[in-house]
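Here is the structure we will look at, set down as C-alpha cells.
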C-alpha cells in the first residue's frame with residue numbers, strides 16, 4: 001500500500017483511462033488523485049498544486065506526454081518529480097528519447113493493476129531521473145519484489161462457454177501449456193477481463209443466455225483494461241454475417257464448432273506469440289531503462305570521483321614540474337605524466353560530459369579558470385608531441401607585462417579538453433615546419449584565436465563542427481571539433497571557423513565568459 005498523503009497526477013486525453021487508472025490507484029490506498037486531459041493542463045496544475053508523482057499517457061493533443069516530461073525536467077521546482085510514462089509506443093528511438101529525458105518508469109499498454117502498483121512503489125522510492133542538482137527527496141532503499149510463482153508466469157487463457165462439456169474440453173486441451181480460467185456467462189467473463197488480473201487471450205462462445213459473445217467483445221473494446229486482449233470466437237454460428245460482425249468487434253480469429261483440436265491449438269499458439277512479444281516489449285524497455293540508470297551511476301562516479309582525483313593529480317604534477325629543484329630529466333618525466341593525465345581527462349569528458357550535453361542534462365558549475373595557464377600547458381605539450389614535424393607552436397597574449405592574465409568563467413577540465421582538441425587539430429593540419437599560434441585577447445568576453453597554415457578542405461567546410469566529420473586522417477573519428485563546439489557552448493561560449501585560400505590559413509576563434517569579481 002502507498003502513503004495516503006501521496007498526491008497523484010493522472011494525465012490522459014481518454015476519460016475512461018483516467019477513470020480506470022484512478023480506480024486502480026485508489027485500490028492501492030491513494031486518497032488524493034488529480035487528473036488532466038493533456039500535458040498543458042497538467043503543467044498548469046503542477047504550478048499551483050503540490051504533486052508527488054505523475055502518471056502520463058504519451059500521445060495526447062495540445063501537449064504530449066514526452067513534451068510534458070521535458071517541461072517538468074527543465075523546471076527546477078518540478079524536476080525531482082517521479083514520472084511514469086504509459087504508452088503503446090513501439091518505436092525504439094522514441095523510447096530512447098523518453099529515457100534520455102528522464103522518465104522514472106515506463107508501462108506498455110495493456111498492463112495489470114498489480115504491475116502498476118509495483119512500478120508506482122518503485123518510482124516513489126527511487127531517486128528521480130536525471131540526477132539534477134535540486135533539492136530532492138533522499139533515495140530510499142527498495143525492497144526486492146516478491147518471487148512470482150512459476151504458474152503465474154504462464155500466459156492465461158479465458159474460456160467462455162455456457163456448455164459445461166465445451167468448458168471441460170477446451171480447458172483440458174490447453175492446461176498443459178497455459179493457465180486456463182473458465183466462465184459460463186458473458187457477465188462473469190467481462191468482469192474477469194476488466195479485473196486487476198486479466199487473461200492474455202479469450203476463447204469466446206457467441207450464443208449464450210444473457211450477455212452473448214458479441215456483447216462481451218463490444219464491451220471489452222470499450223474498456224481500457226480489456227480493449228487490447230485478443231479474442232478468438234469459438235462458435236457453432238457458421239454464417240459470413242456472424243464472421244463479419246465478429247471481426248468488426250476486433251476478433252483476431254473465428255473457429256467453428258465442433259472443435260477440431262488440430263486446427264484450434266496452432267491458432268492459439270500463434271496469438272500467444274503476440275502476447276509473448278508484447279511482454280518482451282515491456283521487458284526490452286525495462287532493460288533499456290536499467291541500462292540508462294547504470295550509465296548514469298557510472299557517470300556520477302566518473303564525474304565526481306575520477307575527475308576530481310585526476311584534477312588533483314594534474315595539479316600536483318604541474319606543481320612538481322615547476323619546482324626549481326627538479327632537473328631537466330625529472331621535469332621531462334613529469335610533463336609526460338601530465339600529458340597522459342590530460343589525455344585520460346579528455347577521454348572521460350568525451351565519454352560522459354558530451355553525452356550529458358547532447359541529451360540536455362549537463363549543468364555547468366562555473367568557476368574562475370586560469371585560461372592562460374591552460375593554454376600554455378597545452379602548447380608546451382603540443383610542441384613535444386609534434387616535435388618530428390618541426391612545428392613552431394607559440395602562445396601570445398595582449399596583456400601587458402606585469403598585468404595579471406584574465407580568468408575565464410567556466411570549467412577548467414572542459415577547457416583542457418576543448419583546447420587540447422583544437423590545438424592538436426591545428427598541429428595535425430599544419431604542414432611540416434609550419435607555425436601554429438594561439439592568441440589570448442583580453443576582451444569581454446575573452447577571445448582565443450588559433451591559427452595554422454593549411455586550409456580546411458572545401459568538401460567539409462560547411463560541416464566542420466558536425467559529428468563524425470573527418471578528412472584525410474587515418475583513424476580519425478571526426479569527434480574533435482564536434483566535441484570542442486559542445487564543450488564551448490556548454491560554458492556559454494562561442495566557436496567559429498574562418499579560412500583564407502589566398503594565405504593558406506585556417507583560423508578558429510573561441511569566446512568564453514570573462515570572470516570578474518562582480519560576476520563572482
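The values are calculated or read from the model by the stated rules, or taken from the named source; none is laboratory data. As the structure is a prediction and not an experimental result, all values here were calculated from the model. Cβ sites come from the backbone with ideal geometry, for glycine too, and all protein chains shown count toward neighbours.
Taken across region 53-76, residues that are surrounded by fewer than 13 Cβ atoms within 10 Å (Cβ to Cβ) and assigned to a helix (DSSP H, G or I) do not occur at all. Provide a single number: the residues in region 23-52 that are crowded, with 18+ Cβ neighbours inside 10 Å and either within 17 Å of residue 114 (Cα to Cα) or at pLDDT below 90 (or both). Counting residues in region 23-52 that are crowded, with 18+ Cβ neighbours inside 10 Å and either within 17 Å of residue 114 (Cα to Cα) or at pLDDT below 90 (or both) gives 3. Every condition in (1) at pLDDT 75 or above; (2) within 19 Å of residue 489 (Cα to Cα); (3) not in a loop (DSSP other than H, G, I, E, B) is met by residue 363 except one, and the failing one is (3).
Scanning region 482-493 for residues that are crowded, with 16+ Cβ neighbours inside 10 Å and touching a residue at least 24 places away in the same chain (Cβ under 8 Å) yields a total of 8. Within region 7-21, the set of residues being in a helix (DSSP H, G or I) and surrounded by 18 or more Cβ atoms within 10 Å (Cβ to Cβ) comprises 17, 18, 20, 21.
Condition test on residue 190, is it buried (at least 17 other Cβ atoms within 10 Å of the Cβ), closer than 21 Å to residue 275 by Cα, at pLDDT 90 or above and in contact with a strand residue (DSSP E or B) (Cβ under 6 Å, 6 or more places away or on another chain)? Break it down into steps so the answer makes sense when it comes.
Values: buried (at least 17 other Cβ atoms within 10 Å of the Cβ): yes; closer than 21 Å to residue 275 by Cα: yes; at pLDDT 90 or above: yes; in contact with a strand residue (DSSP E or B) (Cβ under 6 Å, 6 or more places away or on another chain): no.
For residue 190, the condition - buried (at least 17 other Cβ atoms within 10 Å of the Cβ), closer than 21 Å to residue 275 by Cα, at pLDDT 90 or above and in contact with a strand residue (DSSP E or B) (Cβ under 6 Å, 6 or more places away or on another chain) - is not met.
Residues that are out of contact with any strand residue (DSSP E or B) (no Cβ under 6 Å at 6 or more places or on another chain) and assigned to a loop (DSSP other than H, G, I, E, B) were ranked within region 82-106; the one that is nearest to residue 356 (Cα to Cα) is 102. Quick check on my filter: what residues within region 389-413 are assigned to a helix (DSSP H, G or I) and either modelled with pLDDT under 90 or at positive phi (or both)? Matches in region 389-413: 412, 413. Return yes or no: is residue 271 within 25 Å of residue 111 (Cβ to Cβ) and either assigned by TED's automatic domain parsing to the domain that holds residue 199 or assigned to a helix (DSSP H, G or I) (or both)? Taking the combined requirement at face value, the residue satisfies it.
Of the residues making up region 117-127, those that are under 21 Å from the mean Cα position of the chain (by Cα), part of a helix (DSSP H, G or I) and either at pLDDT below 85 or crowded, with 18+ Cβ neighbours inside 10 Å (or both) are 119, 120, 123, 124, 125.
Here's the yes/no breakdown for (1) more than 21 Å from residue 164 (Cα to Cα); (2) in contact with a helix residue (DSSP H, G or I) (Cβ under 7 Å, 6 or more places away or on another chain):
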{"position": "208", "(1), (2)": "no, yes"}
{"position": "228", "(1), (2)": "yes, no"}
{"position": "234", "(1), (2)": "no, no"}
{"position": "240", "(1), (2)": "yes, no"}
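One residue alone among 500, 496 is at pLDDT 85 or above and either surrounded by 15 or more Cβ atoms within 10 Å (Cβ to Cβ) or more than 22 Å from residue 416 (Cα to Cα) (or both), and that residue is 500.
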